[in-house]
């Protein structure tokens, strides 16, 4: 024998749609859950953006440092050998986009033949790392460029 739910007395078989009044609370819960999910997503993006901005600042500082180093190397390579003074020179630059301290050390291990030049750039901002470049200068065999009989 088969019994149907329709025949049992006392069971409400009508399926009504929930009224607009009872849906109001559910909509509020849905909005709160959506806002929480949005907040979590934006928080993770904010951490990513902070990391990217910090890396951008470091890359900018590295570019400025490389520019300062290349400027000094080009300056010291372009002047005549005898004009490069032996000794240490410290210069502090506090203006501009890249405040730093520059130490230029010139040594002459072989007199009147070879000079070693070391340039150390130390930025004022501790986020940027200091850097060093070292190169050698040699005296040309002749100081007269157009002389064909000179040795």
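The values are calculated or read from the model by the stated rules, or taken from the named source; none is laboratory data. Please read all numbers here as calculations on a predicted model, not as lab measurements. So basically every Cβ, Gly included, is an ideal-geometry build from the backbone, and we count neighbours across all protein chains shown.
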On the given criteria, is residue 103 in contact with a helix residue (DSSP H, G or I) (Cβ under 9 Å, 6 or more places away or on another chain), under 30 Å from residue 140 (Cα atoms) and part of a strand (DSSP E or B)? no
Residue 69 vs (1) surrounded by 13 or more Cβ atoms within 10 Å (Cβ to Cβ); (2) at pLDDT below 90; (3) within 23 Å of the chain's Cα centre (by Cα): all pass except (2)
Qualifying positions in segment 109-136 - farther than 22 Å from residue 63 by Cβ, free of Cβ contacts under 8 Å to residues at least 24 places away in the same chain and surrounded by 14 or more Cβ atoms within 10 Å (Cβ to Cβ): 116
Using beta carbons and a limit of 6 Å, which pairs, at least six apart or on different chains, have the first residue in segment 79-94 and on the phi > 0 side of the Ramachandran plot and touching a residue at least 40 places away in the same chain (Cβ under 8 Å) and the second one assigned to a helix (DSSP H, G or I) and surrounded by 11 or more Cβ atoms within 10 Å (Cβ to Cβ)? none
